[in-house]
Every structure is written in structure tokens, then in C-alpha cells.
Amino acid sequence: MALAELSPPIVLPWPLRGGLEAAARALFEPDDRSRTDFSRPLGEPALVAPDSVSWRVFKNPLSLFIGGVTAVIMELAEPRVRTGVWEHTTFRVDPVRRLRRTGLAAMVTIYGARSTAEAMIARVRRMHDSVAGTTPSGEAYRANDPQLLNWVQGTAAYGFLQAYHAYVRPLSPAARDRYYAEGAPAARLYGAAGAPRSETELEVLFQRTAGRLQRSQIVFEFISIMRSAPVLPLVLRPAQHLLVRAAVDLTPRWARTILGLDGHGLEPWERELVRQAGALADRVVLASSPAVRACRRMRLPADYLYRAFN
């Protein structure tokens with residue numbers, strides 16, 4: 001990637017570092033059954049290489065939170081996806097656990113050893129085999145429909161990348177295209193063989209799907225849940241409302257108009273505040289984070305992802 005050299009990592013004092021380490025473990029270990037050791041098996045590669053754009057982007061917890069909210073807003077705009085998510089998951093009754101399990105799946109897809117990631121994706125596909133139904137308007141859907149999977153994969157990729165690009169570090173067009181291409185192998189495993197492999201293909205997906213998107217009270221309910229659910233560590237909880245609005249701000253303007261979200265974004269000074277926080281978060285090396293543990297698995301220094309871009 002043709003980008004400027006990164007700022008040096010930040011070494012935090014122990015009390016703060018210990019709290020953030022505990023928060024990171026809680027975020028990606030929702031229960032005993034879900035624990036994943038990203039540091040094993042030693043030397044086994046992931047689905048994506050360590051020198052990828054993806055490994056740089058997914059290491060930042062702040063942009064991941066923002067981008068994940070953006071992705072779900074866009075997913076819920078599609079009526080079949082919305083009905084499947086709202087009727088077949090625990091999001092409404094236990095949003096924190098649901099978000100953590102979704103976050104863990106994203107981390108395993110990017111940083112987990114290939115064997116671990118492939119096994120997890122196969123389990124997800126088997127679970128989705130039984131998810132089917134009818135929307136309130138009478139339209140049939142099934143979770144493993146390739147068309148819906150392409151939308152979910154495309155909007156997720158967009159949310160995570162756009163959050164990093166807007167609130168952490170601008171990426172060149174070539175780097176952004178490389179990021180989408182890097183996600184293609186995992187997308188195929190999920191069943192989304194038509195997921196976008198470049199920003200041009202993403203734009204085609206948006207244009208093709210825009211006519212299907214609909215305003216729904218469920219989108220506003222989701223945003224309300226994200227503002228109040230205890231997702232972030234206690235010290236960051238006051239900023240959660242701001243970060244959710246940052247996610248709304250990343251939703252394409254045409255989609256915000258369809259969903260009735262105009263005016264729910266950020267003021268310019270708030271946008272700059274989020275950028276500063278995102279840039280700071282990108283320089284903090286946490287030993288418990290999946291990114292750092294995956295670097296250890298690949299016999300790379302803990303601060304490998306915080307050095308100069310290639």
C-alpha cells in the first residue's frame with residue numbers, strides 16, 4: 001500500500017492498559033464455548049495474509065464498532081435480511097452477546113488460523129440452512145440465498161473499510177480495491193460468490209439493490225439498542241451515542257434518505273473528534289487482541305501491524 005509511515009505505537013500505563021486488555025477479552029470471548037486461541041496453531045496462515053489491508057483495518061476496535069453498526073443499518077434496510085435477523089436471532093433480547101459473537105466471527109474470518117476459520121464458517125452455513133421464512137409483505141427468504149449473502153458480505157466489507165478510511169487513516173483507491181479483493185475467498189466460503197471485489201463492483205451492488213431497500217421502524221429500534229446497550233467498556237460508555245451517530249454518518253446519503261436517517265449524523269466538530277479518537281486507537285498495541293495474537297502465531301512482532309505500510 002502506498003501510504004505514509006505510521007506513527008509509533010503507544011505504550012499505555014498499566015492500570016489503563018489492564019482495563020483495555022480486559023475489555024478486549026470480554027468483547028471477543030462472549031462465553032466459554034466461543035473462546036478462540038488466535039495464537040495457535042503456530043505458523044498456520046489465515047485466510048488473509050498478514051501484509052494485507054484487511055489485517056491493518058480490522059485491528060482498530062473503534063472503527064470496527066462504528067463500521068459494524070453501519071453494516072447492520074444497511075443490512076436491515078433489505079426486507080428479507082431484516083426479517084431473518086429480527087426473527088431468527090437473539091438481537092432484541094440479548095444484543096450484547098449477539099454483537100460479541102458477530103464480532104468474534106469477523107475476527108476469526110480475518111485473523112484465525114485457516115483451519116479454525118473454515119470450520120467456523122462451515123458451522124455458520126449449517127445454522128443458516130434452517131433459517132427461512134416469509135417477510136410481513138409475503139416475500140419468501142432463506143438465509144443461505146446467495147443474493148442475500150452478497151448483500152450482507154458487501155455491506156459488512158463497506159462498513160468496516162469506510163469506518164477506517166473516514167475515522168482512522170485515509171486509504172488510497174488501490175488499497176481499498178485490494179481490501180475488497182482480499183475478502184473474496186472468505187465470502188465464497190460463506191456462500192457469497194458474488195460479493196464485490198472492488199469499489200466499482202460495490203457500487204454496482206448498491207445500484208442493483210437500492211430499489212429493494214425500505215424504511216422500517218426496526219432500523220430505528222436497532223439504532224436505539226446500539227445507543228443504550230452496554231457494549232463498550234464502562235469508561236467508553238459515554239461516547240457510545242456519538243459513535244452510533246458516526247455509523248449513521250457513514251451510511252451512503254442515498255440510503256439515509258430511503259431510511260429516513262437524514263439529520264441523524266455528526267456535526268463537523270464531532271466528526272473530527274471521532275477521527276482523533278480513531279487515530280489514537282490505531283496506535284495502541286493490546287496483547288490480548290486477535291490481531292496481535294495472530295501476529296504471534298505467524299512469528300511476527302506484536303507491533304507488526306503498527307509499523308510502516310508496505
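The values are calculated or read from the model by the stated rules, or taken from the named source; none is laboratory data. A quick note: this is a predicted structure, and the numbers were derived from the prediction, not measured. Don't worry about glycine lacking a Cβ; one is built from the backbone with ideal geometry, like all the others, and counts go over all protein chains shown.
Region 224-310 holds helices (runs of 4 or more DSSP H) entirely within its bounds, and those carrying 2 or more residues that are among the basic types (Lys, Arg) map to 253-259, 268-281, 290-297. State yes or no: is residue 53 of a type in the set (Val, Ile, Thr) and under 24 Å from residue 284 (Cβ atoms)? Spelling it out, residue 53 is indeed of a type in the set (Val, Ile, Thr) and under 24 Å from residue 284 (Cβ atoms). Condition check for residue 180 on (1) within 15 Å of the chain's Cα centre (by Cα); (2) not in a helix (DSSP H, G or I): one failure, at (2). Of all residues in region 114-123, those satisfying the criterion of being closer than 15 Å to residue 42 by Cα and out of contact with any helix residue (DSSP H, G or I) (no Cβ under 7 Å at 6 or more places or on another chain) are 114, 115.
For region 97-131, the candidate set comprises residues that are closer than 21 Å to residue 159 by Cα and of a type in the set (Ser, Thr, Tyr); within that set, the residue that is modelled with the lowest pLDDT is 102.
Residue-by-condition table, conditions (1) β-branched (Val, Ile, Thr); (2) in contact with a helix residue (DSSP H, G or I) (Cβ under 8 Å, 6 or more places away or on another chain); (3) touching a residue at least 24 places away in the same chain (Cβ under 8 Å):
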residue	(1), (2), (3)
212	no, yes, yes
227	no, yes, no
235	yes, yes, yes
252	no, yes, yes
264	no, yes, yes
271	no, yes, yes
276	no, no, no
282	no, yes, yes
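From the set of residues in region 227-277 that are among the hydroxyl-bearing types (Ser, Thr, Tyr) and under 15 Å from residue 66 (Cα atoms), which is modelled with the highest pLDDT? Walk me through how you get there before you give the answer.
Step one: list which residues in region 227-277 are among the hydroxyl-bearing types (Ser, Thr, Tyr), which gives 228, 251, 257.
In the following step, the residues that additionally are under 15 Å from residue 66 (Cα atoms) were identified as 228, 251.
Values: 228: 89, 251: 97.
If we take residues in region 227-277 being among the hydroxyl-bearing types (Ser, Thr, Tyr) and under 15 Å from residue 66 (Cα atoms), then 251 is modelled with the highest pLDDT.
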